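Below: one structure, written as structure tokens.
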Amino acid sequence: MRTVWRTQQWPRLLLNDYVFLLGRPPVAEFLHFIASMAVDGQNVDQGQLTQEWRQANDHVAELETSEAGISDNLQTRPCHLSFRPGAASY
């Protein structure tokens, strides 16, 4: 199993994709993940990765504000008949 950080130098390859967002890792943990798990990760521009991480972190912070409470008081509706056999197991 290999992982690749997609950049212009690395076109889409038949490799395992990862989304490293669980728990919103600190930038140092993210950089370590790329260095240790990505193909040629030791040679990736850490400055560029840090900038991308900061942009993503800022975006998540904006979503926390703009979407605060969005799932509160949701209205539910009955499950479609075709889904009920599977839903019953939950």
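Some values worked out for this structure:
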read-out	value
The range 54-69, residues that are modelled with pLDDT under 90 and among the hydrophobic types (A, V, I, L, M, F, W, C)	A56, V60
Any hit, the range 43-55, residues being among the aliphatic types (A, V, I, L, M), within 19 Å of the chain's Cα centre (by Cα) and surrounded by fewer than 14 Cβ atoms within 10 Å (Cβ to Cβ)	no
Pick from the range 70-90, criterion among the small types (G, A, S) and at pLDDT 85 or above, ranking: nearest to R24 (Cα to Cα)	S71
Count - residues of the range 80-90 that are of a type outside the set (S, T, N, Q) and not in a helix (DSSP H, G or I)	3
Lone unmet requirement of (1) assigned to a helix (DSSP H, G or I); (2) of a type in the set (D, E, K, R); (3) more than 24 Å from G23 (Cβ to Cβ) for R77	(1)
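The values are calculated or read from the model by the stated rules, or taken from the named source; none is laboratory data. Only a predicted model underlies this, so the values are computations on that prediction, with no experimental measurement involved. Positions of Cβ are generated from backbone atoms using ideal geometry, with glycine treated the same way; all protein chains shown enter the neighbour counts.
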